[in-house]
1. Select from the stretch 115-138 the residues that are at pLDDT below 95 and among the polar types (S, T, N, Q) and write down the one among them that is surrounded by the most Cβ atoms within 10 Å (Cβ to Cβ).
2. What tally of residues in the stretch 99-114 results from selecting those that are of a type in the set (S, T, N, Q) and open to solvent by less than 40 Å² (accessible area, probe 1.4 Å)?
3. Kindly indicate whether ALA77 is of a type in the set (Gly, Ala, Ser) and modelled with pLDDT of 95 or more.
4. If you check LEU147 against the conditions, is it farther than 17 Å from ARG52 by Cα, touching a residue at least 40 places away in the same chain (Cβ under 8 Å) and open to solvent by less than 30 Å² (accessible area, probe 1.4 Å)?
5. With a cut-off of at least 1 residues that are within 24 Å of ASP95 (Cβ to Cβ) and of a type in the set (D, E, K, R), name the strands (runs of 3 or more DSSP E) lying wholly within the stretch 120-176.
6. Which residues, taken from the stretch 109-146, are within 20 Å of SER180 (Cα to Cα), touching a Lys or Arg at 6+ places or on another chain (Cβ under 8 Å) and not polar (S, T, N, Q)?
7. Out of LEU114, LEU68, which single residue is in a strand (DSSP E or B) and under 20 Å from ARG157 (Cα atoms)?
Amino acid sequence: MRNKAGFTLIELMITAMFLVIVASVSIPSINTVLRARDVDMAVRTVVWEMGRARQLSVDRRRDIRVTLATPRNITTAQRVGSDWTQVSQVELPGDMEFRIESGVPNGPSGYGILDPINLCGQHLVYFLPDGSAIAVTGQICSGVVYLARANELETSRAVTLFGSTGKMKRWRYVEGLWESP
């Protein structure tokens, strides 16, 4: 009688073919998931950096400036005397950019869509030690930042800033409407 320990060559080939089929079906799905993750991470990055700047301002009792530069950079700086010292600089993840995709109508909370970064008409905002946000002119600054992947309307997102409190709100564009997730 023969000892039947182990696998036959046919069993191993069938298993290998099964694994190849599963991998070929799942790779496109993984790519879709990773691209969607970049969209969410871009919004979180904007909210995180601006929220961190606000908190630094409160904690350190100093003015903190956040500059958003197209296509995808966020720089935070702290006022030291009359100079500004850079605290951090980050880039949006993946191929996300500060941009407004064509076809997006009115912005969330009544903000327009003239510029992808519209913080009181500027690309920067100052957080004060009381947590509020102001413009270069010293006025309370509320505004909106739009993000999207080029030529992909469904990736459109926005972050609104309410200057008197320094609080932010996330938005996503879904079927012609801005929704808060």
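1. ASN118
2. Of the residues in the stretch 99-114, 0 are of a type in the set (S, T, N, Q) and open to solvent by less than 40 Å² (accessible area, probe 1.4 Å).
3. Numbers: of a type in the set (Gly, Ala, Ser): yes; modelled with pLDDT of 95 or more: yes.
Yes.
4. Working: farther than 17 Å from ARG52 by Cα: yes; touching a residue at least 40 places away in the same chain (Cβ under 8 Å): yes; open to solvent by less than 30 Å² (accessible area, probe 1.4 Å): yes.
The answer is yes for LEU147.
5. Values: elements: 124-127, 143-149, 152-162, 167-174.
Those strands (runs of 3 or more DSSP E) span 143-149, 152-162, 167-174.
6. The first filter runs over the stretch 109-146 and keeps only residues within 20 Å of SER180 (Cα to Cα), leaving 109-113, 116-119, 142-146.
Narrowing the set further to residues that are touching a Lys or Arg at 6+ places or on another chain (Cβ under 8 Å) leaves 109, 116, 146.
If the condition is that a residue be within 20 Å of SER180 (Cα to Cα), touching a Lys or Arg at 6+ places or on another chain (Cβ under 8 Å) and not polar (S, T, N, Q), then PRO116, TYR146 are the ones that fit.
7. On the way: LEU114 fails: in a strand (DSSP E or B).
Result of the check over LEU114, LEU68: LEU68.
The values are calculated or read from the model by the stated rules, or taken from the named source; none is laboratory data. Fair warning: this is a prediction, and the values are worked out from it, not measured in the lab. Counting neighbours? That spans all protein chains shown, and the Cβs are built from the backbone with ideal geometry, glycine included. The protein model used for the area step is the full one, side chains on, heavy atoms only, and it has no ligands, DNA or RNA in it. Shrake-Rupley method; radii C 1.70, N 1.55, O 1.52, S 1.80 Å.
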